[in-house]
Amino acid sequence: AILTLADGPTLSGKLLHRLFEDYFTGDEWLGRNETQTEQWFAKRFESLIDEEGLMLRLPGRQAELAVLRDKARIALKEMVLQLRCAKVVSVESELEVKGRYCGGDISGYADMMLHNDAGESSVVDLKWSNYNNKYGDLLANNRHVQLALYSKLLANPPAALPVAYYIL
């Protein structure tokens, strides 16, 4: 079998998913101020590129890496701000989702399940996209099947959780 490496938008999406997963694992993020978050980002982003995105350090890719770094920094900063405004107290990343529906078994991973201080939960799906309206169109036209299934399968008691896309 020939192994292929992710590149382009797929690589960017994978790197940012990993960055968010690493940041929100545990509860240390709750105590970080903006400066500490920036310091964490600067260190982790560079090590993540070395571990999983080294091709972005190749000659001719510096501008692409700089754009990704800036977008990632802004996306993380904004996500932290939004979670603080929503009084989120815990985040579960890459939460396994399994269940049954009329077509058979289904499984996947929810990018983020958020829990606030009022005991409310919601599901957030991270998306890397240059097409900003794609996911908004899915929500507006009630075609967000992945989010709807995760919401239904993760709700306890069975109901439906609020869902959102966070477009990186």
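The values are calculated or read from the model by the stated rules, or taken from the named source; none is laboratory data. Quantities reported herein were computed from a predicted structural model and do not represent experimental measurements. Cβ coordinates were reconstructed from backbone atoms using ideal geometry, including for glycine residues, and neighbour counts include every protein chain displayed. With ligands, DNA and RNA removed, areas are computed over all heavy atoms of the protein, side chains included. Shrake-Rupley method; radii C 1.70, N 1.55, O 1.52, S 1.80 Å.
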Being under 16 Å from LEU126 (Cβ atoms) and at pLDDT 95 or above narrows LEU56, LEU65, LEU15 down to just LEU15
Cβ pairs under 7 Å, 6+ apart or interchain, first in region 35-57 and over 15 Å from ARG73 (Cβ atoms) and without any contact (Cβ under 8 Å) to a residue 12 or more places away in the chain, second hydrophobic (A, V, I, L, M, F, W, C) and in a helix (DSSP H, G or I), ordered by first then second residue, are ARG57/ILE49; ARG57/LEU65
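Each row is one residue, and each column tells you yes or no for (1) charged (D, E, K, R); (2) closer than 23 Å to ASP111 by Cα; (3) without any contact (Cβ under 8 Å) to a residue 40 or more places away in the chain.
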site: ALA1; (1), (2), (3): no, no, yes
site: SER12; (1), (2), (3): no, yes, no
site: ARG69; (1), (2), (3): yes, yes, yes
site: ALA72; (1), (2), (3): no, yes, no
Expected single match for open to solvent by 80 Å² or more (accessible area, probe 1.4 Å) and under 15 Å from TYR166 (Cβ atoms) among LYS77, LYS87 is LYS77
A careful count of residues in region 108-119 that are in contact (Cβ under 8 Å) with a residue 24 or more places away in the chain and part of a loop (DSSP other than H, G, I, E, B) gives 2
(1) in contact with a helix residue (DSSP H, G or I) (Cβ under 7 Å, 6 or more places away or on another chain); (2) surrounded by fewer than 17 Cβ atoms within 10 Å (Cβ to Cβ) all hold for LEU19 apart from (2)
Reported set for region 74-107 where residues are among the β-branched types (Val, Ile, Thr) and either out of contact with any helix residue (DSSP H, G or I) (no Cβ under 8 Å at 6 or more places or on another chain) or free of Cβ contacts under 8 Å to residues at least 24 places away in the same chain (or both) is ILE74, VAL88
